[in-house]
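A.B. asks: Next up is a structure, given as structure tokens.
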Amino acid sequence: MNYLSYFTSQSTDKIAKDLIGRMLTFENNGEKLGGYIVEAEAYMGIKDRAAHSYGGRRSPANEGLYCPGGCLYIYSQRQYFFFDVACQEAGEPQGVLIRAIEPVSGIKQMETNRHGKTGVLLTNGPGKLMQAFGITSRKWDLHDMNDTPFAIDLNDQHKKIAREIIAAPRVGINQSESKWAQAPLRFFPQGNPYVSDMKKRDYDKNHGWA
């Protein structure tokens, strides 16, 4: 797939929104684990106070953001790992964090990887998603996605269409930076139960799909 073209084709926030409903998979010993992307956050680079590259910060830890669009930036916090894809041209450190998927394939293996967690708890958060895939290291950081077991289906005909995509503030952003804390840079289908902070009362029977 031409990830470079896709991940440099428009602004990072528009890419994050467009990713909703696309299939993300991870190939695990010949079995594909994955599901539809239902939550994605855009990080807008050196001007974005919530971005790891804010102010031009650059180190081996965040070098993935400086790679060409379509390269992976896999980072860790405590024991958890997170899946981020670099956007824009090399040297412009923007990216999209995939926060949640609605699982479709390899569910039994993902449940095993999640130590028996099932239902929405399986993949309704960025750390849970990576644990479901069995990711325990930053091995694929800095790699072009074409050269990894990960894939995002960019075929529009395979995309699941959301009835309404909500743009909301990102999760866990320092509220003292009000502009960036409140920026509507997190995207999800209204009512999808796998979105990380979706309340049961707001679940949609069709999971927000058209």
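We did not get these values from a lab; they are worked out from the coordinates using the rules stated. Here the structure is a predicted model, which is why all the values come from computation and not from measurement. Here the Cβ positions follow ideal geometry from the backbone for every residue, glycine too, while neighbour counts run over all protein chains shown.
A.B. asks: Out of residues 5 or more away from Gln94 or on other chains, whose amide H comes under 5 Å of its own, with H placed 1.01 Å from N in the peptide plane?
C.D. replies: Under 5 Å from the amide H of Gln94 lie the amide H atoms of Cys87, each far enough along the sequence or on another chain.
A.B. asks: Under 30 Å Cα to Cα from Lys159, which lysines show up? Leave out anything in the same chain fewer than 8 places away.
C.D. replies: Cross-link targets: Lys14, Lys17, Lys32, Lys108, Lys117, Lys128, Lys139, Lys199, Lys200, Lys205.
A.B. asks: Using the Cα gyration tensor of region 128-210, with a ≥ b ≥ c the square roots of its eigenvalues, what is the shape: rounded (a/c below 1.5), prolate (a/b larger than b/c) or oblate (neither)? Don't skip to the answer; put the middle values down first.
C.D. replies: Values: a/c = 1.78, a/b = 1.19, b/c = 1.50.
Oblate is the answer for region 128-210, as a/c is 1.5 or above yet b/c matches or exceeds a/b.
A.B. asks: Still on this structure, I have one more. Return the long-range amide H neighbours of Val104 (sequence gap of 5 or more, or a different chain), with a cut-off of under 5 Å between placed amide H atoms.
C.D. replies: Close amide H contacts, sequence-distant or interchain: Gly34, Gly35, Tyr36.
A.B. asks: Once label points are set 7 Å from the Cα along Cα→Cβ at both Glu89 and Val104, what is their separation, rounded to one decimal in nm?
C.D. replies: 3.4 nm
A.B. asks: Can you give the FRET efficiency for Glu63 and Ala167, using 1/(1 + (r/R0)^6), R0 = 35 Å, r = Cβ-Cβ distance, to the nearest 0.05? Walk me through the numbers on the way to the answer.
C.D. replies: Values: r = 29 Å, r/R0 = 0.83.
With a Förster radius of 35 Å, E is 0.75.
A.B. asks: Using modelled amide H (1.01 Å from N, peptide plane; none on Pro or chain starts), what sits under 5 Å from the amide H of Thr8, excluding residues fewer than 5 places away?
C.D. replies: Hits under the 5 Å cutoff: Gln88.
A.B. asks: Also, I was wondering about something else. Net charge near His115: determine it from the other residues with C-beta under 15 Å of the C-beta of His115, scoring Lys and Arg +1 and Asp and Glu -1.
C.D. replies: Values: positive: Lys108, Arg114, Lys117, Lys128; negative: Glu111.
Counting the neighbours of His115, the net charge comes to +3.
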